1. Can you give the alpha-carbon Rg of the range 29-93 over 2.2 N^0.38 Å, where N counts its residues?
2. Averaging sequence separations of C-alpha pairs under 8 Å and six or more residues apart, then dividing by the length of the range 78-179, give the relative contact order as a whole percent.
3. Show me the trypsin sites (Lys or Arg not before Pro) within the range 122-223 that DSSP assigns to loop and that have at most 11 other Cβ atoms within 10 Å of their Cβ.
4. Please list, in order along the range 71-87, the HN-Hα scalar couplings obtained from phi with the Karplus expression 6.51 cos²θ - 1.76 cosθ + 1.60 (θ = phi - 60°), rounded to whole Hz, x for Gly and Pro.
5. Per residue and in cubic angstrom, what volume does the convex hull of the Cα atoms of the chain have?
6. Packing-wise, with mean Cβ within 10 Å as the measure, how do 93-100, 166-173 rank, highest first?
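All of the numbers you see were taken from the coordinates with simple rules; none came from a lab. As the structure is a computational prediction, the values presented were derived from the model and not from experiment. Here the Cβ is made from the backbone with ideal geometry for all residues, glycine too, and neighbour counts use every protein chain on show.
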Amino acid sequence: MEDKLKLSELWRNAEAILFDFDGVLADSEPVYRKSWNIVLSDYNHWIPKEKYWEHWAFFGRGLAGEIERTGLRIHDVNAAQAAQKAIYRDFCKKGLVPLFKEAADVLRIACREKPCAIASNTHSNIIKIIAGDAVKSLPPVIGGEGLRRKPFPDIFTKASDFLSVDPAGCLVFEDAWKGVRAAESAGMPVVLVRNGYNTGLPAPEASCDIQGLPELLRFLRGL
């Protein structure tokens, strides 16, 4: 109940809402992991689920972190990253990346109540492909192209500039420490959305936790 009351306060004080995409609106992390494991199979390497959720999805350490943590040797990191992006884009075009079932309703109600944007490390074109026809009115999308990735604040800062809202007036919904840290660095309050993959992983910088989109949708329907 304490977190829910705090969510009410955060929502009431917010002038605009920023949604992360992967892990908040789209159940994309398993597909990201699959695409990386296809690439890394050429190096006889495999990322277990638990390690991926923690080191890649939550803390955002990516391939560089995997190399540092495991001693993995890759002769051309840029080529490996490009191969993963191509595989993932192909999965997206085939419709293999689902939205969470509450995502469309959450966006519809939230956009009716306040200015909204999606602010994600993922390229904006990929987000639009995944959203497809399932989201009838997609809010503005600020993708990661040309910007430093979270945990740097650049993507959130660009989104607040786009909406012409001071950073302190933007309420962020994130599922990962990297995004929570980015929001905090941008001067924005942030709600950590638990999604089944990040259970037990710490993000003490978050203003509060909620138990996934179902809780957020119930809150929005009660406005």
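1. Values: Rg = 11.0 Å, N = 65, 2.2 N^0.38 = 10.7 Å.
Expressed relative to 2.2 N^0.38 Å, the Cα Rg reads 1.03.
2. Values: 89 pairs, mean separation 24.3, N = 102.
Once divided by the residue count of the range 78-179, the mean separation gives 24 percent.
3. Working: sites: LYS128, LYS136, ARG148, ARG149, LYS158, LYS178, ARG181, ARG194, ARG218, ARG221; in loops: LYS136, ARG148, ARG149, ARG194.
Qualifying residues, ordered by number: LYS136.
4. So the Karplus estimates, Gly and Pro as x, are x, 3, 10, 10, 6, 9, 4, 4, 5, 5, 5, 5, 5, 4, 4, 5, 5 Hz.
5. Dividing the Cα hull volume of the chain by its residue count gives 111 Å³.
6. On the way: 93-100: 15.0, 166-173: 21.2.
Descending packing order for the listed peptides: 166-173, 93-100.
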